[in-house]
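The values are calculated or read from the model by the stated rules, or taken from the named source; none is laboratory data. Since we're looking at a predicted model, the values are computed, not measured. So basically every Cβ, Gly included, is an ideal-geometry build from the backbone, and we count neighbours across all protein chains shown. Side chains included, ligands, DNA and RNA excluded: accessible areas come from the protein's heavy atoms. Shrake-Rupley method; radii C 1.70, N 1.55, O 1.52, S 1.80 Å.
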Amino acid sequence: MAQKTSEKGLNGAAAPVVTEPGRVRNVVLVGHSGAGKTTLVEALLAATGTISRAGSVTDGTTVSDHDPAAVRQQRSVALACAPLMHQDVKINLLDTPGYADFVGELRAGLRAADAALFVVSAVDGVDDATAALWEECAAVGMPRAVAITRLDHPRADYEETLADCQEAFGENVMPIYQPMLGDDGQSVAGLIGLITLRVLDYSEGYPPRVGEAEREHLNPIADDRNALIEGIIAESEDESLMDRYLGGELISTDTLLPDLEKAVARGNFHPVIPVCSGTGVGLDALLDGLVSGAPSPLEHDLPVVTGVDGSPRPPLHCDPDGPLVAEVVKTTVDRHVGRVSLVRVFSGTLRPEQTLHVSGHGLAERGHPDHDADERVAHVYSPLGAQLREVGQCVAGDICAITKSGSAETGDTLSSKEQPLLMEPWAMPEPLLPIAVVAKTRSDEDALAKNLGRLVAGDPTLRLERNPDTHQLVLWTMGESHADVVLDRLRSGGVELDTEPVKVPLRETFGAPAKGHGRHVKQSGGHGQYAVCDLHIEPLPRGSGFEFVDKVVGGAVPHNYIPSVEKGVRAQLERGLATGYPVVDVRVTLVDGKAHSVDSSDAAFQTAGALALREAAAAGQVTLLEPIDEVVVRVPETYVGAVMSDLSGRRGRPLGAESEDTGSFSLVRAEVPATELVRYAVELRALSSGAGTFTRTYARHEPMPPHLAEGVKKEATTR
């Protein structure tokens, strides 16, 4: 729950405000669930005096996990921003969920950040999903560093975890500090800098005592120190440095550190820092590294902008005096404050009492219609988790929050009213787990629609669909945990709802030619009803649709009633015959009939046409067609065999597998019935340890196996 406050933070410190982009660092924390990201954020906030004491995930008292669902589940489910000051630099820590279902929150954090800190547990190591995310960051050139956490756990193994990181993340992943054990020979009580040769002693708590390394400290770190120095020199812009080093010259720390910082900021070198949130080990080293190594917004290329109409515009620069361009990276709706938008300012300066142009385009297929509006921003806030602290401005490169926008949604561009612009949207994965929801009572329907609109506005990984064939209201989500959080938020908003099994939109057709006789004759005094027609039905090739042919001779059915027969046939085809699903790919031929000069009517012949079609279906062979999707599964090479076997077990037809250019992932292609894919998002994740993803595209409809079709027909007769 967002809370407005004054400019005072939880410990009485003023909200951090900077006036220069060069004094900002935007760092997103990523890693698998349980790696210790949220706990690390708490420790860093406490170490810098931003909060008076660190909260606890298990107690639900952390700054990041303020969402009620996060507190109940004891894990992050949403992006949170936690700014702090260190060495007169504002570091915006963006804490992201580690569970794959909340990848939308992760992508939002990556969009708002200029560098990524991969948090790896010394207990659990690197999982496949984290390794895949490293490759994703590498593809866009995002600078990365690694923090190895939970050093105080009894099963922690720093050396093994470091080796795991180097194997999973590749070249130039090197430690710049080595842990030092305490007097008990087991606990980590200090660090030694491999470049500076300074010892940080935390045996008496945080902050550490700093001293120079003694002779006995040097031999154990010699190999790692030499490898680090050689790695830095290899990335140096000074081509003479390697020759000097190989010639035996002792390269000074003052020479190495600037080259290290440049290599990290360029994304060519990835430092590893051991950290223990509980004891404070390494917190100051990590903060120093983020200030010196993470790039400022001035060093990060900005997203492409266009006019609202798509017309080209010059590239943006991170200039506080430039045109205002900002982006909503997250939207939440708080029952007390209203709509809260987390905003990254890319150019210009956002100030209170400013009129902005809010523009959102390109997500109409996900339930976000294109929209443009001018709105006034009354206040600008510095967010600290759920807490909002009012500030006077937010300059280019910084992150802030605004409230009570009537139209701003996640992914929208904020720009000046006089010069409206549109930012290129970031890539979002397609939601692939459907959940059918239904209001318990008619009075809940309005509340359900209202709350769904709020959720979809804030979460672009949600897609809302009213299926025209099954008439179900379907929420497409990223997985079971995502669905649980969405349903929990709906219910907490006062909506009574249920879920029901998702129906796959099947089709019916005729498996063989059939004939039908439709007779609709009623006499009840006055005008009666009279219509008789005879139909021949033939199946057509897949995708042919519907054809209606008139072969009546001799005026057996008057010309003006022939369209009525076709109208009745079409209506019955839409309603279905055996299971209630639409009938497709048939040719219906009207061959004969009878009419009455007084009692025949348009309605009577519509009814007769429908009756004839139903009689033909009862006498003939109605076949069920199921949709077939083309599926592309992206998994690490080690899971290819398991995935192909699983797809075959789903009645799929594997089309082959091919390796990506990186060589560590493969694309498996197959055609699979959509009825077998309803829960595939969940099952693939379990099969591939969270590293597998897939896309699906409708290919065509094909006949359903008879034994499955009979089950559907029996279920339809009992409804």
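Across all Cα atoms of the range 644-688, the radius of gyration (one decimal) and Dmax (whole number) stand at 11.3, 33 Å.
Shape index of the range 442-507: Rg/Rh, with Rg the Cα radius of gyration and Rh the Kirkwood radius from the inverse mean 1/r over Cα pairs, equals 0.95. Using the Karplus relation 6.51 cos²θ - 1.76 cosθ + 1.60 with θ = phi - 60°, the per-residue 3J(HN,Hα) values for the range 600-612 come to 6, 7, 4, 5, 5, 6, 4, 5, 5, x, 5, 5, 5 Hz, with x marking Gly and Pro.
More than 22 angstrom separation, counting every C-alpha pair in the range 284-410; what % is that? Provide the component values of the computation, followed by the final result.
On the way: 3339 of 8001 pairs.
More than 22 Å apart: 42 percent of the Cα pairs in the range 284-410.
Seen against the Cα atoms of the chain and their longest principal axis, helix 253-265 is set at about 10 degrees.
Applying D = kT/(6 pi eta Rh) to the range 221-366, where Rh is the Kirkwood radius over alpha-carbon pairs, T corresponds to 4 °C and eta to 1.567 mPa s, the Stokes-Einstein value obtained is 65 µm²/s.
Residue-wise HN-Hα couplings along the range 110-127, as the Karplus relation 6.51 cos²θ - 1.76 cosθ + 1.60 with θ = phi - 60° gives them from phi, are 5, 5, 7, 9, 10, 7, 10, 10, 7, 9, 10, 6, 5, 9, 9, x, 9, 9 Hz; Gly and Pro carry x. Building the convex hull from the alpha-carbon atoms of the range 107-204 and averaging its projection over directions returns 7.5 nm².
Across the range 477-551, counting alpha-carbon atoms alone, Rg and Dmax equal 24.4, 64 Å. Taking the average, over residues, of other Cβ atoms within 10 Å as the packing measure, peptides 664-670, 180-186, 30-36, 482-488 rank 30-36, 482-488, 664-670, 180-186 from highest down.
Please state the equivalent ellipsoid semi-axes for the range 5-134: what are the square roots of 5 times the Cα gyration tensor eigenvalues, largest first, in whole Å?
In descending order, the three semi-axes are 24, 18, 13 Å.
Centre-to-centre separation between the Cα atoms of the range 215-261 and those of the range 143-209: 20 Å.
Convert 20 °C to kelvin, take the viscosity as 1.002 mPa s, use the Kirkwood radius over C-alpha pairs of the range 602-719 as Rh, and evaluate the Stokes-Einstein diffusion coefficient in µm²/s, rounded to a whole number.
128 µm²/s
DSSP bridge analysis restricted to the chain gives an antiparallel fraction near 80%, rounded to the nearest 5.
Using the Cβ-Cβ distance between Arg669 and Lys515 with R0 set to 56 Å, the FRET efficiency from 1/(1 + (r/R0)^6) comes to roughly 0.85. In this structure, the amide hydrogen of Val622, modeled 1.01 Å from its nitrogen in the peptide plane, lies closer than 5 angstrom to those of Gly511, counting only residues at least 5 positions away or on a different chain. The convex hull built on the alpha-carbon positions of the range 175-225 has an orientation-averaged projected area of 3.5 nm².
Considering every alpha-carbon pair of the range 388-447, the percent of pairs per 10 Å bin, from zero through the bin containing the longest distance, is 13, 29, 28, 21, 9.
The mean of 1/r over all pairs of different alpha-carbon atoms in the range 347-484, once inverted, gives a Kirkwood hydrodynamic radius of 17.0 Å. Across the range 405-422, rounded Karplus estimates of 3J(HN,Hα) from the backbone phi angles (6.51 cos²θ - 1.76 cosθ + 1.60, θ = phi - 60°) give 5, x, 10, 5, 10, 4, x, 6, 9, 10, 8, 6, 4, 6, 9, x, 9, 9 Hz, Gly and Pro being marked x. Each peptide among 352-358, 707-713 gets the average number of other Cβ atoms lying within 10 Å of its residues, and from highest to lowest they stand as 352-358, 707-713. Between the helical axis of 640-649 and the longest alpha-carbon principal axis of the chain there is an angle of about 20 degrees. About the centre of its Cα atoms, the chain shows a dipole size close to 3640 debye [charges on the beta carbon of Lys, Arg (+1) and Asp, Glu (-1) only; nearest 20 debye]. In terms of the mean number of neighbouring beta-carbon atoms within 10 Å, the peptides 190-203, 98-111 order highest first as 98-111, 190-203.
In whole angstrom, the range 530-640 maps to an equivalent ellipsoid with semi-axes of 39, 12, 11, each derived as √(5λ) from the alpha carbon gyration tensor and ordered largest first.
Past the 22 Å Cα-Cα mark, which pairs from Lys515/Lys594; Lys503/Lys567; Lys522/Lys594; Lys37/Lys90; Lys515/Lys567?
Lys503/Lys567
Think of it this way: in the chain, Cys81, Cys137, Cys165, Cys276, Cys318, Cys533 stand alone, with no other Cys Cβ under 4.7 Å. In the chain, the DSSP-assigned H stretches of four residues or longer account for a calculated mean residue ellipticity at 222 nm of -8500 deg cm²/dmol, using -39500 (n - 2.57) per stretch and the full residue count as denominator. Quick one: work out the % antiparallel among DSSP beta bridges in the range 13-143, nearest 5. So the antiparallel bridges in the range 13-143 amount to around 45 percent. What does the C-alpha gyration tensor say about the overall shape of the range 410-519? Classify as rounded when a/c is under 1.5, otherwise prolate if a/b is larger than b/c, or oblate. Cα axes put the range 410-519 in the prolate bin.
Computed from Cα atoms, the angle from the helix 442-458 axis to the main principal axis of the chain rounds to 40 degrees.
Spin-label pair Arg351-Glu160: with each label point 7 Å from Cα along the Cα-Cβ axis, the two points sit 5.8 nm from one another. The slack in the chain from Glu249 to Thr589, taken as 0.36 nm per residue of separation less the alpha-carbon distance, amounts to 112.9 nm. In the context of the full set of protein chains, the chain has a per residue accessible area of 43 Å² (1.4 Å probe). Rg and Dmax of the range 158-294, based on Cα coordinates, read 15.0, 45 Å. Here the translational diffusion coefficient of the chain follows from Stokes-Einstein with Rh set to the Kirkwood radius across Cα pairs; for 37 °C and 0.692 mPa s it amounts to 112 µm²/s. On the range 105-159, 48 percent of the accessible area sits on carbon and sulfur atoms, based on a 1.4 Å probe.
Amide H contacts for Ser416 (H built 1.01 Å from N in the peptide plane; partners 5 or more residues away or on another chain; cut-off under 5 Å): Leu324, His357, Leu421.
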